[in-house]
Each structure stands twice: as structure tokens, then as C-alpha cells.
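The structure appears below as C-alpha cells.
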Amino acid sequence: MDDAELARALRALPPAPEAWVQAAVELPRARRELDAVLARLDADAAFRAAATADLERALRAAGFGAGERQLDAVRAHLR
Amino acid sequence: MTDAELVAACRTGDEDAWAQLVRRHARYVSAILRGGYRLGDADAEEVFQEVYERAYTRLESLRDPAALRPWLAQLARRAAVDRLRRNAREDVSDEVADRADAAAAAELERLELALTVRAALAELPEHCREIVDRFFACDESYHVIGAALGIPAGTIASRISRCLAKLRAQLGGRNSAAAGVG
């Protein structure tokens, strides 16, 4: 391979954005948190009512820091 | 750890192994989505997470743990096509998906070559790995590289040139070994 071909090959794999990578790395923890939220929604009627009324507020009050994807999963569970 | 060992460790719930798995293949997955399927940043970010979510939940179904990378590539391709279909008008979504797949095929071949080059780069001394990666993959200027590595910017070009020569030699050695020569 000449230098130009090497350069093309080396440029083809830039680093993935670190924020993306970190979010994927934290996936197991995020799923555990989500499972805990869903279990509490099923077991705690008051929490479920609060989450139905204002999901983000209810989660914040309960100490859950949910990202958008987790919020979507919780909304789907509430339907 | 090999990919097979990483998969085995992940299957026991080892989160450090999961982190390694993510980081090891992040460039490749990202390149498939952005370079292969030309997803914009917002879509690429979401699909990147989808790929790893699918990998995490379906890891038990991977029959050959040594084939982790092509399996991730398949997950990435499917997720990218799903996203393109969703973004397209319903009446042309199949056409859009087929065109994207065809366009991505050539890029995916180039990525295989790129992976070979990166594997050879990984066997070079760290100073070469660092400077070559920063200049080509990270697109950093001589000035930025010099400041980061504490070396004069005026020497960067010649250092890169020497490292590329080593990289070519490393690739040539790999090719010889593969051909059973020397």
C-alpha cells in the first residue's frame, strides 16, 4: 500500500464520540435502573399514579436519572 | 482478551468486559453507521446505542463468540436500515433501504481493509500508534499533535513518514506470514 492508500484506510475509522461510547458502556447500569423503575411501577400504586401524571418529575423525586431512551421504555410500560 | 474471551466474560455479567467490548468495536460500529450508511449525527448516535443494546440483550444468542465483530456489523447494518426505512416515506422505504445497502457494501469492504491496517498499527510502538492515529483518524493538526505529545510541530511530518514506513513493513510482514513466506 502506498501512503495515500494507508492514509485512506487510517481515516476510515475515526474514534466514535466519547459520549456515545460512555453511554453504551453504562448500558448494564442503565438497564438495572430501568428494571428497578419498572418493578416499582408495578408494585407501588402511588408511584405509578405519580408517574402517570408527570413521569419525569416522579422519576426525579424517586432519585432515578433516566435518559430519553429509558423514559420511552417507561412510557411504553405505563400504557 | 480475545473477542471470544470478552463475550464469555460478558455472559457472566462482567461489566468491565462489557466496557472493553464496547470500546474495542466502537470505531467500527460508528464507521458502519456514519461512513457506510451515511446516517446523520443524531440518527447515528441513537442507532449506535440501539446496536449495543441489541448486542447486550442478544449476546447469549451469538453462536460463535469469536465472530463477535461480524455479528456486530450485522446488527449495525440492520439497525441502520431500520432507521432509514423509518425516516423514508412509506412508499419508497424499501427502495431507500436497498439503495443504502448497496452503497454501504463498498464502504464495508473498505472498512475490513481499514481494520487490517489498524491491527498492524496496534503492533507498532506507542509513539507511532499515537501520532498516526491523531493525524489520520482524529484529523488533528501538527500543532495540536505537537502540543499534546510535547514534540516540536516541525518534526511531526517526518515522524509520521517514518511511522508509515514501519506500518507498511508491518503489513508486508503480515501478508508474508499469511502467504506462508519467509
Legend entry - Isotropic mean projected area of the C-alpha convex hull, segment B:71-111 (nm²): 2.7 nm²
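Rounded to whole Å and sorted largest first, what semi-axes of the equivalent ellipsoid does the C-alpha gyration tensor of chain A yield via the square root of 5 times each eigenvalue? Spell out each step's value before the answer.
Details: eigenvalues 360, 21, 19 Å².
Here the semi-axes work out to 42, 10, 10 Å.
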Inset, instruction - Work out from phi, with θ = phi - 60° and the Karplus expression 6.51 cos²θ - 1.76 cosθ + 1.60, the ³J(HN,Hα) of each residue of segment A:41-46, listed in order in whole Hz, and give x for Gly and Pro. - result: 4, 6, 9, 10, 5, 5
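Translational D (Stokes-Einstein, µm²/s) of chain B at 4 °C and 1.567 mPa s when Rh comes from the Kirkwood sum over C-alpha pairs?
Values: Rh = 18.6 Å.
It diffuses with D of about 70 µm²/s by this estimate.
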Legend entry - Evaluated at q = 0.21 Å⁻¹: base-10 log I(q)/I(0), Debye formula over Cα of segment B:1-57: -0.78
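Please calculate how many Å² of accessible area the protein assembly as shown carries per residue, with a 1.4 Å probe and no DNA, RNA or ligand atoms counted. Write out the running numbers ahead of the final one.
Details: 14040 Å² over 261 residues.
Here the residues of the protein assembly as shown average 54 Å² of exposed surface.
How many times 2.2 N^0.38 Å is the alpha carbon radius of gyration of segment B:95-137? Present the calculation step by step, with values, prior to reporting the outcome.
Working: Rg = 14.9 Å, N = 43, 2.2 N^0.38 = 9.2 Å.
Against the empirical 2.2 N^0.38 Å value, I get 1.62 for segment B:95-137.
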Legend entry - Helix-only mean residue ellipticity at 222 nm for the protein assembly as shown, each DSSP H run of n ≥ 4 adding -39500 (n - 2.57), per residue, nearest 500: -24000 deg cm²/dmol
Inset, instruction - Give me a single rounded figure for B:158-169: the average over its residues of other chain Cβ atoms within 10 Å of their Cβ. - result: 2
Legend entry - Spherically averaged projected area in nm², based on the convex hull that wraps the Cα atoms of segment A:1-47: 4.7 nm²
Inset, instruction - At 7 Å along the Cα-to-beta-carbon direction for both residue B:98 and residue B:78, put a label point, then send me their distance in nm to one decimal. - result: 2.2 nm
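R0 = 25 Å: FRET efficiency of residue B:58 with residue B:123, Cβ-based, nearest 0.05? Intermediate results must be reported in sequence, preceding the final value.
Values: r = 32 Å, r/R0 = 1.28.
Computed FRET efficiency for residue B:58 and residue B:123: 0.20.
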Inset, instruction - Over the alpha-carbon set of the protein assembly as shown, divide Rg by the Kirkwood Rh and report the Rg/Rh ratio to two decimals. - result: 1.05
Legend entry - Cα long-axis angle, helix B:93-121 against chain B (0 to 90 degrees, to the nearest 10): 30 degrees
Inset, instruction - Take the alpha carbon atoms of segment B:14-103, find their radius of gyration, then divide it by 2.2 N^0.38 Å using N residues; give the quotient. - result: 1.12
Legend entry - Dimensionless Rg ratio for segment B:58-142, taking C-alpha atoms and the 2.2 N^0.38 Å reference: 1.47
Legend entry - Estimated distance in nm for a label pair at residue A:56 and residue B:15, the labels positioned 7 Å out from Cα along Cα-to-Cβ: 2.6 nm
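The values are calculated or read from the model by the stated rules, or taken from the named source; none is laboratory data. Source: prediction; values computed, not measured. A quick note on method: Cβ atoms are made from the backbone with ideal geometry, for glycine too, and the neighbour counts reach across all protein chains shown. All accessible areas refer to the heavy atoms of the entire protein, side chains included, with ligands and DNA or RNA removed. Shrake-Rupley method; radii C 1.70, N 1.55, O 1.52, S 1.80 Å.
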